[in-house]
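For reference, the structure is listed below as structure tokens.
The values are calculated or read from the model by the stated rules, or taken from the named source; none is laboratory data. A quick note: this is a predicted structure, and the numbers were derived from the prediction, not measured. Cβ placement follows ideal geometry from the backbone for every residue including glycine, while neighbour counts extend to all protein chains displayed. What goes into the accessible areas is simple: the full protein's heavy atoms, side chains included, and nothing from ligands, DNA or RNA. Shrake-Rupley method; radii C 1.70, N 1.55, O 1.52, S 1.80 Å.
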Amino acid sequence: MADIESLLKEKRVFKPDSKFARKANWNKKTVEAYRKQGARKPERFWAKMAKDNVSWFKPWKKVLDWKPPFAKWFVGAKTNVSYNCLDRHLEGKNAWRKNKAAIIWEGEPGDSRVLTYGDLHREVCKFANVLKGLGVKKGDRVALYMPMVPELAIAMLACTRIGAPHNVVFGGFSADALRDRINDAGAKVVITADGGFRRGAPLDLKTAVDEAVAKAPCVTNVVVVKRTGEACSMKAKRDLWWHDLMADASSDCPPAKLDSEHPLFILYTSGTTGKPKGILHTTGGYLTHVTTTSKAIFDLKDDDTYWCTADCGWITGHSYVVYGILANGATTLMYEGTPNTPGFDRFWEIIERYRVTIFYTAPTAIRTFIRWGDEHPKKHDLSSLRLLGTVGEPINPEAWMWYHRVIGGKRCPIVDTWWQTETGGIMISALPGAVATKPGSATLPFPGIDPAVVDEDGKPVTPPNGGFLVLRKPWPGMLRGIWGDPERFKETYWSQYKNTYFAGDGAHREKSGYFWVMGRIDDVMNISGHRIGTMEVESALVSHEKVAEAAVVGRPDEITGTAIVAFVTPVGGVDAGKKLSGELLQHVTKEIGAIAKPADIRFTDALPKTRSGKIMRRLLRDIASGKESAGDTTTLEDYSVLAKLRESDEN
Ligand code: WTA
């Protein structure tokens, strides 16, 4: 709560610039009208958005069918996501977009490609035919494990064209994590590459796929994009080169007319147990949500060059690199690599060269840039920028001010957007032409969205108290479930309060209605804006033969937001020390991926537990962050354990 108090002292307010506001897609008047309608008749508001922003093959019979916690949006309607992202920009009054850049792609080594809407349409149709040729039918799942190359967007769109839900797995996950995600989704085909470029060197992906697919009997074929040109093994009959398949593919592939509730994709995210959740999104509602929010929040215009730095392996890449942006006929920039290759000014150099107008990134990245020094952005002309955004974690006011000053030249509005894998699209954010911003606050809910901050009994808390962030009404982009596990879906999000979605975040709401999201309150850590479950890391650790028990907590970190601290009890007779630490780090990397590596491993003879045997995480969190633990320790089983853990801290 100390965090909340310090944030509440933030008094700076930035009003929308009148020049920006005059040209904004949504001005103050529009927003006020939408807010009113969204509050009184949310279904009518969303129906208007669906009509205005999405093209349908067949209209809906009913806007919303809400049988908590199961929602159906635009019931009976038919549409297709790839049709909305491509074909409709090549028809009628939009036909001029045929030669407009859809994707501007920049590879890490400095190679680049531009795909116009005409090009992208052709490639997507061809790859959709390739998938059909491999026996992929409507409803079949396709797993994607790829670097940030145009083929990733092409493959995603091709899946949506034929109604095959994709399951994108971030390229930083290990072979084991990939195998679990392939098997859970039951994917028939895996699309990958020989590798991608990262930090100036080729990074292999195919070996992990081989390892994963060896234990994934559901997979019949693997399609491989040649990106790095490094040697890679190809298993006869099973593995096929992308370029070989595309050479013979027809570019004629009409979009499937899909039911509004047809599964669009599954994306795995960490929860509070060891097993990741396959978050399921469907077609019509998701498309309406991401298209509308992209247009309103990013103020997308035909002459914009929009760049979101997220990888398509995360929800931000799905909604705001690919779908929401292309559905608006805008130009999206995709970058393959890291921000410091070849130099610390890589992002700013890209912005200058392509005259990027809208830039969307994460607070962790911003804090890293601050540490690297102002000289890097200052070397470049960033005057093309007109709007900035952040996502993924709370942004501290100092980082916000730096972003505003050094990157935005004090002229760009900043939209701090709160949302989740589960929400599909942005839920709380400023609208750049209409809402005043405050550093550190995501400001107000999007029209038609109904968040609240409540206490344990579900009663709205009064400022200045904080509480749990919930959503009281269904929304079009909401998850439709957890793949194959309706019970877990109910339990995770809907069991705390009646008919109300539990987000798992702590928040505070000011009298003015502004939201301040404080971060996760469950056992999910937010590391550099990426969700990692404490249980996931714990199960990885205890699966190591030398580990008897492990407890994982987060501690605040200046750059990554949270850092992982693991308390480990080795099995008897094992030497705890640097060597074991190294082995465990390697083991976690193998089980999950490098993103889940603890920053700190502490060995202990025993973990502090309550009499009923529950690990006292609150105490561990205090120890990890170096705080004296003020909490109640009367239920602690063995007081000496706590003292020992502290001692190890001092050594
Ligand atoms: C956090 C990313 C504060 C939050 C789109 C949420 C934020 C989790 C913000 C979801 C923000 C995201 N301010 N916290 N603007 N945006 N979060 O599923 O804890 O990867 O629950 O989706 O990120 O992470 P996810």
>> Give all pairs with beta carbons closer than 6 Å in which a residue from the range 234-257 that is open to solvent by 90 Å² or more (accessible area, probe 1.4 Å) meets a residue that is among the aromatic types (Phe, Trp, Tyr); count only pairs at least 6 apart in sequence or on separate chains.
In response: Lys257/Phe57
> If you go through the range 307-317 one residue at a time, do you hit one that is over 20 Å from Leu152 (Cα atoms) and not in a helix (DSSP H, G or I)?
Replying inline: no
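Kindly evaluate Ala430 against the criterion of being touching a Phe, Trp or Tyr at 6+ places or on another chain (Cβ under 6 Å), aliphatic (A, V, I, L, M) and open to solvent by less than 40 Å² (accessible area, probe 1.4 Å).
no
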> Can you pull out the strands (runs of 3 or more DSSP E) entirely within the range 533-606 that have at least 2 residues that are of a type in the set (Ser, Thr, Tyr) and open to solvent by 10 Å² or more (accessible area, probe 1.4 Å)?
Replying inline: 561-570
> When the range 471-486 is examined, which residues are found to be closer than 23 Å to Glu510 by Cα and more than 16 Å from the ligand (Cβ to nearest atom)?
Replying inline: Arg472, Lys473
> So Trp475 fits all but one of (1) within 24 Å of Leu387 (Cα to Cα); (2) surrounded by 22 or more Cβ atoms within 10 Å (Cβ to Cβ); what number is the exception?
Replying inline: (1)
>> Can you say whether Leu203 is assigned by TED's automatic domain parsing to the domain that holds Ile162, open to solvent by less than 10 Å² (accessible area, probe 1.4 Å) and within 25 Å of the chain's Cα centre (by Cα), as far as the supplied structure shows?
In response: no
>> Testing Leu280 on (1) within 16 Å of the ligand (Cβ to nearest atom); (2) buried (at least 24 other Cβ atoms within 10 Å of the Cβ), one condition comes back false. Which one is that?
In response: (2)
>> Restricting to the range 131-145, name every residue that is open to solvent by less than 10 Å² (accessible area, probe 1.4 Å) and under 25 Å from Thr228 (Cβ atoms).
In response: Leu131, Val142, Ala143, Leu144, Tyr145
> So, of the residues in the range 366-422 that are within 16 Å of the ligand (Cβ to nearest atom), of a type in the set (Asp, Glu) and modelled with pLDDT of 95 or more, which turns out to be nearest to the chain's Cα centre (by Cα)?
Replying inline: Glu422
> When the range 29-52 is examined, which residues are found to be hydrophobic (A, V, I, L, M, F, W, C), out of contact with any Phe, Trp or Tyr (no Cβ under 7 Å at 6 or more places or on another chain) and buried (at least 18 other Cβ atoms within 10 Å of the Cβ)?
Replying inline: Val31, Trp46, Ala47, Met49
> When both residues are 6+ apart or on different chains and their Cβ atoms are under 8 Å apart, which pairs have a first residue that lies in the range 518-545 and is away from the ligand (no atom under 16 Å from the Cβ) and among the small types (Gly, Ala, Ser), and a second that is open to solvent by 20 Å² or more (accessible area, probe 1.4 Å) and outside any helix (DSSP H, G or I)?
Replying inline: Ser539/Gly274
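A quick yes/no check of all residues on (1) open to solvent by less than 20 Å² (accessible area, probe 1.4 Å); (2) among the polar types (S, T, N, Q); (3) modelled with pLDDT under 95:
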{"position": "Phe57", "(1), (2), (3)": "no, no, no"}
{"position": "Asn99", "(1), (2), (3)": "no, yes, no"}
{"position": "Arg122", "(1), (2), (3)": "no, no, no"}
{"position": "Ala153", "(1), (2), (3)": "yes, no, no"}
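In the range 423-432, is there at least one residue being away from the ligand (no atom under 16 Å from the Cβ) and touching a Gly at 6+ places or on another chain (Cβ under 9 Å)?
No.
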> Are there any strands (runs of 3 or more DSSP E) wholly within the range 334-448 with 1 or more residues that are in contact (Cβ under 8 Å) with a residue 40 or more places away in the chain and either within 19 Å of Gly513 (Cβ to Cβ) or in the same structural domain as Gly313 (by TED's automatic domain parsing) (or both), and if so which?
Replying inline: 414-417
> Restricting the search to the range 346-375, which residues are open to solvent by 30 Å² or more (accessible area, probe 1.4 Å) and within 14 Å of Glu106 (Cβ to Cβ)?
Replying inline: Glu349, Glu352, Arg353, Tyr354, Arg355
> Just one of Phe502, Phe468, Phe489, Phe515 is within 30 Å of Glu261 (Cα to Cα), within 12 Å of the ligand (Cβ to nearest atom) and either surrounded by 20 or more Cβ atoms within 10 Å (Cβ to Cβ) or not assigned by TED's automatic domain parsing to the domain that holds Gly317 (or both); which is it?
Replying inline: Phe468
